[in-house]
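Reading through the structure tokens given below for one structure.
The values are calculated or read from the model by the stated rules, or taken from the named source; none is laboratory data. Computed from a prediction, not measured in an experiment: that's the story for all the values here. FYI the Cβ positions are ideal-geometry reconstructions off the backbone, even for glycines, and counts take in every protein chain you see. In case anyone asks, the SASA skips ligands and DNA or RNA and just uses the protein heavy atoms, side chains included. Shrake-Rupley method; radii C 1.70, N 1.55, O 1.52, S 1.80 Å.
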Amino acid sequence: MQTHLHPLHTLTRKLAKSPGFTLASVLILALGIGAVTAMFSLVEGVLLRPLPFRDPDRLVVLGEHVGDNQGIGVTARDIRAYAAQSAAFSSLGGYAGVTFELSGGATPEVIDAMRMTAGTFTALGVPPLVGRLFTAQEEDAGKQLAVISDALWQIRYHRAPHIVGTAVSLDRKTYTIIGVMPRSFEFPLQPGTLNRTQLWIPMSLRPDELSVESAGVWGYRMIARLKDGVSIQQGREDAMRVAQDIMRNFPPGMAAIHIRGDIALLRDQTVADARPLLRILFLAVIIVLLIACANVAGLMLVRAIRRRREHAVRLALGARSAVLVRDSIYEGLLISLAGGVLGLALAALIIRFALHVLPETMPRIDSVTIDSAVAAFALLVSLATGILCSLAPAFAALRTNLTQSLNETTRTGIGAASHTWLRSALVVAEIAVALLLLNLAGAFLRSFQKMRAVDPGFRSDHVLVAGYQLPRNIYPTDASAQTFTRNLINRLSSKPGITAAGIASALPASTGYGMAAYTIEGQPEEGWKLKFAPFAVTYGDYFRALGIALRDGRTFTSDDRADAPLVVIVNQSMAKDCWPGQRAIGKRMHVGNPHKGLPWATVVGIVADTKSGSPDQPSRDQWYAPLQQPAILIGRNPPEALSLAAGGFVTVRSALPPQQMVETLQSTVAEIDPLLALHHPEPMDEVVANIEAPRRFNTDLITAFAAGALPLSITGIYAVVAFSVSLRTQEIAIRMALGAQRENIARLVLLSAAKMALLGCGLGLAASFAVSRFVRSFLFEVSPTDSTIYAMSVMVMIAMALLASALPAARAASADPIEALRSA
């Protein structure tokens with residue numbers, strides 16, 4: 001046992017005697033290991049860790065493709081059809097998002113909730129933390145029950161032990177809390193969308209949702225669990241079969257619509273958008289770790305060269321070369337394990353910070369923690385890093401020339417010079433990978449700049465927005481809801497400082513737009529093709545409040561009432577697509593196919609295209625309807641539950657900063673309805689910033705990695721050049737004694753550094769070309785092989801290399817040749 005402990009004990013004492021070398025090596029490796037461990041924690045939490053449901057690999061999302069439109073959801077009638085007719089699923093459920101005014105016992109607030117069939121909980125297989133879940137019988141009976149999240153239990157009810165049975169007011173209707181879900185429960189898992197769901201209630205599909213008029217409303221989602229032994233392909237075929245049966249039972253007005261059932265693994269759909277990005281980021285941190293390894297390997301190589309006389313003495317006394325190699329590896333492992341422990345602590349700090357700066361739309365962000373798997377990964381990385389860093393000094397030890405090393409002075413020697421190529425190779429590798437990161441950072445920065453330069457079609461400055469939802473039992477009719485809306489806009493418009501106020505069902509730079517199929521007048525009766533486009537319902541001075549430019553015609557007015565001719569406003573893209581080469585003003589369209597029987601609406605205005613998501617997304621067709629004309633969407637006698645006036649987003653433009661208008665907006669709402677809560681009042685600039693957050697985060701992180709890699713590379717260049725100069729002291733002295741000018745000596749040193757930089761840049765450019773195809777999808781209007789970015793990165797690296805070698809070159813040029821020859 002002591003035989004194994006003795007060399008470790010000896011090496012530990014030697015490292016303690018070289019605190020500068022040991023501390024520098026441990027800190028450099030801690031930085032690299034900490035970064036790669038933190039990134040692995042993110043990858044493991046988002047991509048690798050199983051979803052928090054029972055047997056998650058059997059869970060699938062089920063939806064329909066309508067015509068050429070992919071993954072558009074299902075209808076309320078379809079939920080029942082799939083539940084009754086499918087044979088591939090052991091359980092199946094439907095769900096749809098909704099917002100509620102939550103009141104009773106505390107200040108009213110608006111919360112995100114989910115209407116779900118009981119089969120959804122059955123499919124997920126997650127038992128409640130407290131209480132129970134609702135049953136299919138209770139759902140069919142229309143019981144007003146609620147299951148709440150652990151967060152809502154904590155924040156609003158302070159973890160009251162007797163929460164089950166507590167009455168809660170949702171839209172001023174009394175529901176009974178029957179259960180609390182575990183903290184880890186998050187449903188639905190919505191990729192690219194922040195999930196704030198805090199409450200789940202029975203779906204209890206209403207007669208109007210199951211009516212023929214609602215047969216074309218694909219606004220619901222489904223989840224199912226595959227039966228044991230049933231493959232995903234068999235499940236897909238079963239979904240196609242049910243879709244065929246649904247089409248056979250379509251009402252006459254939908255006979256020409258073609259749908260296809262399809263399924264996808266829930267796991268794949270959840271992380272599909274995040275997976276490519278995380279792979280790129282993981283590659284970036286691996287590069288940083290490799291640079292750190294190269295730096296430490298260089299330090300250890302210098303240390304081994306300085307100790308070559310010691311190695312020679314040990315070999316002369318009978319030690320085997322394998323012992324020197326073993327000691328080198330042990331030394332590397334001691335340093336890397338110390339760096340790993342420190343790096344794990346650093347990773348925990350990085351993750352804590354990252355959870356505050358990561359985009360809220362990153363899926364499963366709450367799963368990112370330092371657990372046993374992450375700790376095991378950090379240990380493996382530390383061991384691998386220690387061995388990797390030990391290779392260069394171990395190789396130097398193997399090449400120790402006994403006679404030459406014993407005859408060398410401590411200042412120079414042939415043996416030391418023989419390892420110059422190895423030290424240079426490490427620096428060249430550092431430069432190459434640093435250049436790769438610089439190129440990536442340059443491409444991401446340029447892409448983000450181009451995205452920010454895109455005209456979104458609206459002005460977000462000086463605009464305050466807030467959501468609201470009118471309780472149906474307090475505002476039971478379309479007329480009563482519209483009365484509230486009119487009063488609110490009229491009062492806001494008269495407030496000092498407010499220049500325009502409006503209301504809309506969705507906001508630009510968001511994903512909340514409704515999607516409707518539409519038909520334009522003049523299509524042939526046979527062979528028509530159903531088109532889909534997002535729409536928004538507006539009221540008041542909405543377009544002026546958001547600075548959406550009117551290109552032709554007019555905006556909506558108070559005369560566009562329910563008893564007036566129906567009108568719509570379309571954006572420029574829709575005007576060009578539907579009526580190419582013609583003026584769209586005066587043209588007619590209606591929702592649905594030509595046989596649905598909905599009334600025609602006349603185009604009275606054309607407005608600028610607005611981005612309904614990230615600015616880097618292409619513009620698409622979009623149209624607007626006036627709030628007071630619900631017949632545009634749902635006929636002349638709309639069912640009460642399909643009223644369009646029940647809620648939306650208030651938009652207020654003011655000469656004052658938006659934050660100063662929050663109290664004005666809240667007090668104005670309270671004047672009309674003191675109990676009504678507003679949902680997330682915030683400046684429109686923040687809405688836009690949240691949409692841009694994922695791309696900003698990608699850019700900032702890659703840039704941070706490049707910023708970290710650059711000084712590491714500069715340090716490596718400086719160390720190698722400085723050590724090379726110290727080894728060539730005698731040579732430099734002889735050159736100066738023979739008449740060499742000091743500027744020539746400096747040029748010689750700088751030229752050596754420039755050669756390494758050029759070679760490293762060449763390899764880095766080749767690596768950049770190799771990875772360009774992996775990053776192309778993350779860039780906007782920028783090529784990953786942009787020559788300007790490459791040229792600037794090369795110039796930066798060469799400039800940094802020359803800067804790093806400037807001090808050693810100055811020292812070499814200012815050396816006294818006589819003193820140098822005496823000490824050589």
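Taking the charge dipole of segment 51-194 about its Cα centre, with +1 at Lys and Arg Cβ atoms and -1 at Asp and Glu Cβ atoms, the residue from 137, 92, 56 reaching farthest to the positive side is 137. Less than 13 Å Cβ to Cβ from residue 166, Lys/Arg counted +1 and Asp/Glu -1: what total charge do the surrounding residues give? Charge balance near residue 166 sits at +2.
Which FRET efficiency, nearest 0.05, do residue 454 and residue 326 yield, Cβ-Cβ r, R0 51 Å?
Numbers: r = 60 Å, r/R0 = 1.17.
After rounding, the FRET efficiency stands at 0.30.
Taking R0 as 56 Å, what's the FRET efficiency between residue 774 and residue 138 from their Cβ-Cβ distance, rounded to 0.05? Result of the calculation: an efficiency of 0.65. Annotation: peptides 159-168, 485-494, 669-678, ranked by per-residue average of other Cβ atoms within 10 Å with the highest first, follow the order 485-494, 669-678, 159-168. Protection proxy ranking, highest mean first, for peptides 710-720, 753-763: 710-720, 753-763, where packing is the per-residue count of other beta-carbon atoms within 10 Å, averaged. For segment 657-736, a simple Cβ point-charge model (Lys and Arg +1, Asp and Glu -1, everything else neutral) yields a dipole of about 1020 debye relative to the Cα centre. Across segment 557-577, the residues whose backbone nitrogen lies under 19 Å from the label position 7 Å along the beta-carbon direction of residue 521 are 560-571, 574-577.
Placing unit charges on the Cβ atoms of the charged side chains and taking the dipole of segment 432-561 about its Cα centre, the candidate lying farthest along the positive direction among 485, 503, 444 is 444. If a/c stays under 1.5 just call it rounded; otherwise compare a/b with b/c (prolate if a/b is bigger, oblate if not). Do that for segment 446-590, with a ≥ b ≥ c from the square roots of the Cα gyration tensor eigenvalues. Judged from the Cα gyration tensor, segment 446-590 comes out oblate (a/c at least 1.5, b/c at or above a/b).
Would you please put 435-441, 568-574 in order of how densely packed they are, using the mean number of other Cβ atoms within 10 angstrom per residue and starting with the highest? Walk me through the numbers before you get to the answer.
Details: 435-441: 27.6, 568-574: 24.7.
Sorting 435-441, 568-574 by mean packing, highest first, produces 435-441, 568-574.
At a probe radius of 1.4 angstrom, the accessible area of segment 77-190 per residue rounds to 42 square angstrom.
When only C-alpha pairs under 8 Å and at least 6 residues apart count, what is the relative contact order of segment 433-591, in percent?
Working: 117 pairs, mean separation 37.2, N = 159.
Contact order relative to length: 23 percent.
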